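Participant: Before anything else, here's the structure in question.
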Amino acid sequence: MIHEIASRSNPRVRALAAELDGLYVYEGDRLVRDLLARREPLRLLVAHHRHRQLALNAAAENIWLTDRPVLDRLSRLRDAPDLIAVIPPPKPGLNLERAEVVVVLDRVQDPANAGTAFRCAAAFGLDGMVLAGDTVRPWNPRFMRAAQTSLLDVPFQILPGLDELFSLKQASHFNVYLTAAAPPAERGLSPGEMRIPCLVVVGHEGRGIDHRWFFQHPVVHIPQSGLVDSLNAGVSACILMYELQRSGKIGVAER
């Protein structure tokens, strides 16, 4: 359905603006064009009139053709783009029984860290991600800007916490590895020592992973030199994913 919307006070605009925090919203010419090229179904495409033909050819349930004031009202960016798309919620399609390599974000708070981890998961071919505890949710706008369209490519599950994850029968076959800035020497492994199938847990940026789990699972430590004593959660996750790919362990059964 196509609507010409001229006023930022339009009831449809007001209703959408009030709901944005719980929606999956992509903003910007490149990201929205990427969605259109992938033929992703869109719930709504909001387009400046100058992109009329692009909008009319889009696979969208609803299309709004509008001007700058409406885009300014809806955008969460400093400079509102010409294209804004709302997509259906991605289906959390991670099948733990069949997965070999899964990264778990445990109470990770920074949306940029979580989104970066998703983008790396897509780049390095991981089987999926788990968002555990109060990890930032994927509809957060900063999460989506960091993840970009990888959010649509990486299967994931959202679980209440590590207790629930480790108690799942589907997860019982995994080797579990925890990450820490400074693990106990007798339990610290290098990334190359990880064996698949594996769950790699990356914890909260400040508090890390609950210490009780360190008595049950080995720790993977990323060697560092210099004055930095730790890496942020997104960087740590990406380094470990790269190491798994570099060593040929992603997609290779080693039981």
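The values are calculated or read from the model by the stated rules, or taken from the named source; none is laboratory data. Since the structure is predicted, the reported quantities are computational estimates derived from the model, not experimental observations. With ideal geometry, Cβ positions are generated from the backbone for all residues, glycine too; neighbour counts draw on all protein chains shown.
Participant: Go through (1) of a type outside the set (A, V, I, L, M, F, W, C); (2) farther than 26 Å from Ala17 by Cβ; (3) surrounded by 23 or more Cβ atoms within 10 Å (Cβ to Cβ); (4) not assigned by TED's automatic domain parsing to the domain that holds Pro191 one by one and return the number of the condition Thr66 breaks.
Facilitator: Answer for Thr66: the failing condition is (2).
Participant: Residue by residue through the range 135-170, note down the ones that are modelled with pLDDT under 95 and acidic (Asp, Glu).
Facilitator: Asp153
Participant: Okay, moving on. Checking Asp67 against (1) charged (D, E, K, R); (2) within 30 Å of Tyr177 (Cα to Cα); (3) in contact (Cβ under 8 Å) with a residue 24 or more places away in the chain, only one condition comes out false. Which one?
Facilitator: Of the numbered conditions (1) charged (D, E, K, R); (2) within 30 Å of Tyr177 (Cα to Cα); (3) in contact (Cβ under 8 Å) with a residue 24 or more places away in the chain, the odd one out for Asp67 is (2).
Participant: Pairs needed: first member in the range 1-16, without any contact (Cβ under 8 Å) to a residue 24 or more places away in the chain; second member anywhere, of a type in the set (A, V, I, L, M) and loosely packed, with under 13 Cβ neighbours inside 10 Å; C-beta distance under 6 Å; at least 6 residues apart or different chains.
Facilitator: Filtered contacts from the range 1-16: no entries.
Participant: Looking at (1) at pLDDT 75 or above; (2) out of contact with any helix residue (DSSP H, G or I) (no Cβ under 7 Å at 6 or more places or on another chain); (3) under 21 Å from Thr116 (Cα atoms), which one does Leu240 not meet, given that it meets all the others?
Facilitator: With respect to (1) at pLDDT 75 or above; (2) out of contact with any helix residue (DSSP H, G or I) (no Cβ under 7 Å at 6 or more places or on another chain); (3) under 21 Å from Thr116 (Cα atoms), Leu240 is out only on (2).
Participant: When only residues in the range 18-29 that are part of a helix (DSSP H, G or I) and either acidic (Asp, Glu) or modelled with pLDDT of 95 or more (or both) count, which is farthest from Met1 (Cα to Cα)?
Facilitator: So the first thing to find is which residues in the range 18-29 are part of a helix (DSSP H, G or I), and the list is 18-22, 29.
Right, trim to either acidic (Asp, Glu) or modelled with pLDDT of 95 or more (or both) and you get 19, 21, 29.
On the way: Glu19: 20, Asp21: 24, Asp29: 21 Å.
Residue satisfying both the conditions and the ranking: Asp21.
Participant: In the range 1-58, how many are among the small types (Gly, Ala, Ser) and in contact with a strand residue (DSSP E or B) (Cβ under 6 Å, 6 or more places away or on another chain)? Before you say what the answer is, go through the steps one by one.
Facilitator: From the range 1-58, those among the small types (Gly, Ala, Ser) are 6-7, 9, 15, 17-18, 22, 28, 37, 47, 55, 58; that's our starting set.
Next cut, in contact with a strand residue (DSSP E or B) (Cβ under 6 Å, 6 or more places away or on another chain) only: 47, 55, 58.
So the count comes out to 3.
Participant: Could we say that Gly93 is under 30 Å from Leu240 (Cα atoms), surrounded by fewer than 15 Cβ atoms within 10 Å (Cβ to Cβ) and small (Gly, Ala, Ser) here? Let's see the steps before the verdict.
Facilitator: On the way: under 30 Å from Leu240 (Cα atoms): yes; surrounded by fewer than 15 Cβ atoms within 10 Å (Cβ to Cβ): yes; small (Gly, Ala, Ser): yes.
Yes: the conditions hold for Gly93.
Participant: Out of (1) under 15 Å from Gly208 (Cα atoms); (2) among the hydroxyl-bearing types (Ser, Thr, Tyr); (3) surrounded by fewer than 21 Cβ atoms within 10 Å (Cβ to Cβ), what's the single condition that is false for Thr135?
Facilitator: If we test Thr135 against (1) under 15 Å from Gly208 (Cα atoms); (2) among the hydroxyl-bearing types (Ser, Thr, Tyr); (3) surrounded by fewer than 21 Cβ atoms within 10 Å (Cβ to Cβ), just (3) comes out false.
Participant: If you check Asp82 against the conditions, is it under 24 Å from Ala18 (Cα atoms), in contact with a His (Cβ under 9 Å, 6 or more places away or on another chain), in contact (Cβ under 8 Å) with a residue 40 or more places away in the chain and charged (D, E, K, R)?
Facilitator: Details: under 24 Å from Ala18 (Cα atoms): yes; in contact with a His (Cβ under 9 Å, 6 or more places away or on another chain): yes; in contact (Cβ under 8 Å) with a residue 40 or more places away in the chain: yes; charged (D, E, K, R): yes.
Yes: the conditions hold for Asp82.
Participant: Right, something else. Taking the range 214-237 as the search range and keeping residues that are hydrophobic (A, V, I, L, M, F, W, C) and at pLDDT below 70, which one is nearest to Ala146 (Cα to Cα)? Spell out how you get there, then give the answer.
Facilitator: Filtering the range 214-237 down to residues hydrophobic (A, V, I, L, M, F, W, C) leaves 214-215, 219-220, 222, 227-228, 231, 233, 235, 237.
From what is left, the residues that are at pLDDT below 70 are 227-228.
Working: Leu227: 27, Val228: 23 Å.
Among those that are hydrophobic (A, V, I, L, M, F, W, C) and at pLDDT below 70, it is Val228.
Participant: Say whether the condition of being over 9 Å from the mean Cα position of the chain (by Cα), crowded, with 24+ Cβ neighbours inside 10 Å and under 26 Å from Leu20 (Cβ atoms) is met by at least one residue in the range 98-111.
Facilitator: The initial filter retains those residues of the range 98-111 that are over 9 Å from the mean Cα position of the chain (by Cα), namely 98-110.
Going one step further and asking which of them are crowded, with 24+ Cβ neighbours inside 10 Å, we end up with 101-106, 108.
If we keep only those that are under 26 Å from Leu20 (Cβ atoms) too, we end up with 105, 108.
For the range 98-111, residues over 9 Å from the mean Cα position of the chain (by Cα), crowded, with 24+ Cβ neighbours inside 10 Å and under 26 Å from Leu20 (Cβ atoms): present.
Participant: I'd like the full set of residues that are among the hydrophobic types (A, V, I, L, M, F, W, C) and within 17 Å of Leu96 (Cβ to Cβ), limited to the range 119-147. Steps first, please.
Facilitator: The initial filter retains those residues of the range 119-147 that are among the hydrophobic types (A, V, I, L, M, F, W, C), namely 120-124, 126, 129-132, 136, 139, 143-144, 146-147.
Once the filter is applied, which keeps residues that are among the hydrophobic types (A, V, I, L, M, F, W, C) and within 17 Å of Leu96 (Cβ to Cβ), the range 119-147 yields Ala121, Leu126, Met129, Val130, Leu131, Ala132.
Participant: Within the range 62-71, is even one residue closer than 22 Å to Asn140 by Cα and not polar (S, T, N, Q)?
Facilitator: First, pick out the residues of the range 62-71 that are closer than 22 Å to Asn140 by Cα: 70-71.
Next, only the ones that are not polar (S, T, N, Q) stay: 70-71.
There is at least one residue in the range 62-71 that is closer than 22 Å to Asn140 by Cα and not polar (S, T, N, Q).
Participant: Could you count how many residues in the range 197-212 are modelled with pLDDT of 90 or more and either surrounded by 18 or more Cβ atoms within 10 Å (Cβ to Cβ) or within 19 Å of the chain's Cα centre (by Cα) (or both)?
Facilitator: Qualifying residue count, the range 197-212: 9.
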